[in-house]
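Trainee: Quick one: the structure is below, questions incoming.
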Amino acid sequence: MMKIADKVKMLVIPLILIPFIVIIFGTVLFGRIYLRRVFGTGSAGGLEPYAHPVLTMNGAAEEIMAELEKEVEESPDRLLDTAYLTELNEKLKKKNSFFLVRVEDEIYFRGKDGTEEMDKLLPDYGDNNQIEGGLLVDAPDSFFLRQQDFTLSDGRMASVFVVTYTDALIHNFKRALLEILILLIGVLILASGFTSLYIYAIFVRPLKLLQEGTERIKEGNLNEDVEVLSDDEIGQVCQSFNEMRLKLKESVEDRMRYEQENRELISNISHDLKTPITAIKGYVEGIMDGVADTPEKVDRYIRTIYNKANEMDVLINELSLYTKIDNNSIPYNFAKIRLASYFEDCIGDISMDMEAVNMKLNYENKCPDDIRVIADPEQIRRVITNILTNAVKYNQKKERSIRITVEPYDKEYVAIGIRDNGNGIAQKDLPLIFKRMYRADSSRNSSTGGSGLGLAIAKKIVEEHGGKIWAESEPGKGTLIVFTLKIFQE
């Protein structure tokens, strides 16, 4: 993962070094090429043409003068060939210079920019050795002068002058500096543009995407992730933001689902309370109106009212307990329980209740006698009671039976299984039986009654003990519900 600090270093180093290198080498190279092309730099090298611009004229006519000298050695009278001189003069014009040819004391050839006043300022024959490398003539129109003397075939002396006005030199030198400045500005603009794009890519765009993500969440849109563009710190922030969005979405969905279940719970409880209340009201009215006109009938009505009141009491108690469990406000009294003795006591109490409803009970403990678990005895008893209550309620067979087994589940848990031979549960309903207020029988008027909270309470208690609970069933053959408890390790 590349951090932002590393990316900044990668940005700063090229930002400083590359423009610096480009500017230095570009200035030198471009300036030398330009000066050589315009003026001819001759022997001037390095930064000398910039420090001494006049010296740039040293080489302005070197090549042409060398060509002329070679031609004159072979044919001295070439200096009298105006066509040839005109051709050379055209080459010099590209160097911002021109030819003057003097034969004896007369000007034989004068370039376009030459003047008679300039003729008077020309040095005498043989003075070229005194102006080796060129001569700067200070006149109303200053010019740079280079001289070479020759002897014609008829013995006459001739001098060739290469003349460059200094104002042309200054003009072209300024032009060179201007183009170098443009090069410098261009490099800086490119570097600035690259830097801006780089900063936008690694800083501005990710932050802008993150801001758009926060705006979407503010508007209630929790379905769209922020695009993660890198794996640096900003990318990690974006990734964390996406994870936060998912958690927030799950929380909102859970909250909406919880509120929906609460509405259903209130509706179902209202319905389940209404049924016994209606019955109680009807029987009370029967007693008040004299419908129960015998002591036996009055006694039966009163017993029915009592039973309906008990149903309401059980329903309200279960609802109150579930609310406490759901709000994590129920106190647990965990203790180390010896499993064998605990279930022997439970079976002793349960067997009497099972006999009362004509239910055969079998019990088997496959665990060693010394195994202990960490649990709240009262709450585990409630789990077993709720499972047994359902087993009795949903079994309409003539011969009804329940089998309770306790056996090791793995090295850390024991499993308690409660199997009945009742009606069984359809596979489509099996995953839903531990939800609150769920009944496999969709009718709220089912003769089985009950709050529909029993298995939901059992599931919450088992999970609070660090265990898990599940069910296996086959319609018509019965149901097995298993829950686990954690073994106490010495």
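The values are calculated or read from the model by the stated rules, or taken from the named source; none is laboratory data. None of these values were measured; they are calculated from a predicted model. Virtual Cβ from ideal backbone geometry, glycine too; neighbours counted across all protein chains shown. The protein model used for the area step is the full one, side chains on, heavy atoms only, and it has no ligands, DNA or RNA in it. Shrake-Rupley method; radii C 1.70, N 1.55, O 1.52, S 1.80 Å.
Trainee: Could you tell me which numbered condition Asp369 fails, if it satisfies all but one of (1) modelled with pLDDT under 90; (2) not in a loop (DSSP other than H, G, I, E, B)?
Mentor: (2)
Trainee: Go through (1) under 27 Å from the mean Cα position of the chain (by Cα); (2) open to solvent by 80 Å² or more (accessible area, probe 1.4 Å); (3) over 24 Å from Phe20 (Cβ atoms); (4) not hydroxyl-bearing (Ser, Thr, Tyr) and name the single condition Leu197 misses.
Mentor: (3)
Trainee: Could you tell me whether the range 463-471 includes any residue that is closer than 19 Å to Leu319 by Cα, at pLDDT below 85 and within 53 Å of the chain's Cα centre (by Cα)?
Mentor: no
Trainee: Show the residue pairs that are 6+ apart or on different chains and have beta-carbon atoms under 6 Å apart, the first residue being within the range 461-479 and assigned to a loop (DSSP other than H, G, I, E, B), the second being of a type in the set (Phe, Trp, Tyr) and crowded, with 21+ Cβ neighbours inside 10 Å.
Mentor: Gly467/Phe483
Trainee: Take the residues in the range 376-426 that are assigned to a helix (DSSP H, G or I) and over 54 Å from the mean Cα position of the chain (by Cα), then tell me which one is modelled with the lowest pLDDT.
Mentor: Once the filter is applied, the top-ranked residue is Lys393.
Trainee: List pairs: first residue in the range 270-298 and closer than 20 Å to Val314 by Cβ and in contact (Cβ under 8 Å) with a residue 40 or more places away in the chain, second residue open to solvent by 80 Å² or more (accessible area, probe 1.4 Å) and in a loop (DSSP other than H, G, I, E, B) anywhere in the structure, Cβ distance under 8 angstrom, at least six positions apart or on different chains.
Mentor: Correct list of pairs: Thr275/Asn445.
Trainee: If we keep just the residues of the range 476-485 that are surrounded by 15 or more Cβ atoms within 10 Å (Cβ to Cβ) and of a type outside the set (A, V, I, L, M), which is nearest to Thr385 (Cα to Cα)?
Mentor: Checking each candidate, the answer is Phe483.
Trainee: Out of the residues in the range 215-227 meeting the condition of being open to solvent by 60 Å² or more (accessible area, probe 1.4 Å) and part of a loop (DSSP other than H, G, I, E, B), tell me which one is nearest to Tyr200 (Cα to Cα).
Mentor: Glu227
Trainee: Quick one: how many residues across the range 279-321 are over 30 Å from Ala458 (Cα atoms), part of a helix (DSSP H, G or I) and either open to solvent by 80 Å² or more (accessible area, probe 1.4 Å) or modelled with pLDDT under 85 (or both)?
Mentor: 8
Trainee: Evaluate the following for Lys324: is it in a helix (DSSP H, G or I) and not hydrophobic (A, V, I, L, M, F, W, C)?
Mentor: yes
Trainee: In the range 168-177, how many are among the hydrophobic types (A, V, I, L, M, F, W, C) and either at pLDDT 75 or above or open to solvent by 20 Å² or more (accessible area, probe 1.4 Å) (or both)?
Mentor: 4
This table checks each residue for (1) open to solvent by 70 Å² or more (accessible area, probe 1.4 Å); (2) closer than 30 Å to Leu122 by Cα; (3) of a type in the set (A, V, I, L, M).
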{"residue": "Leu145", "(1), (2), (3)": "no, yes, yes"}
{"residue": "Asp149", "(1), (2), (3)": "no, yes, no"}
{"residue": "Gly155", "(1), (2), (3)": "no, yes, no"}
{"residue": "Val162", "(1), (2), (3)": "no, yes, yes"}
{"residue": "Thr166", "(1), (2), (3)": "no, yes, no"}
{"residue": "Glu179", "(1), (2), (3)": "no, no, no"}
{"residue": "Leu183", "(1), (2), (3)": "no, no, yes"}
{"residue": "Gly193", "(1), (2), (3)": "no, no, no"}
{"residue": "Lys208", "(1), (2), (3)": "yes, no, no"}
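Trainee: Next question. Restricting attention to the range 456-475, report how many residues are over 15 Å from Ala391 (Cβ atoms) and surrounded by 19 or more Cβ atoms within 10 Å (Cβ to Cβ).
Mentor: The number of residues fulfilling the criteria is 8.
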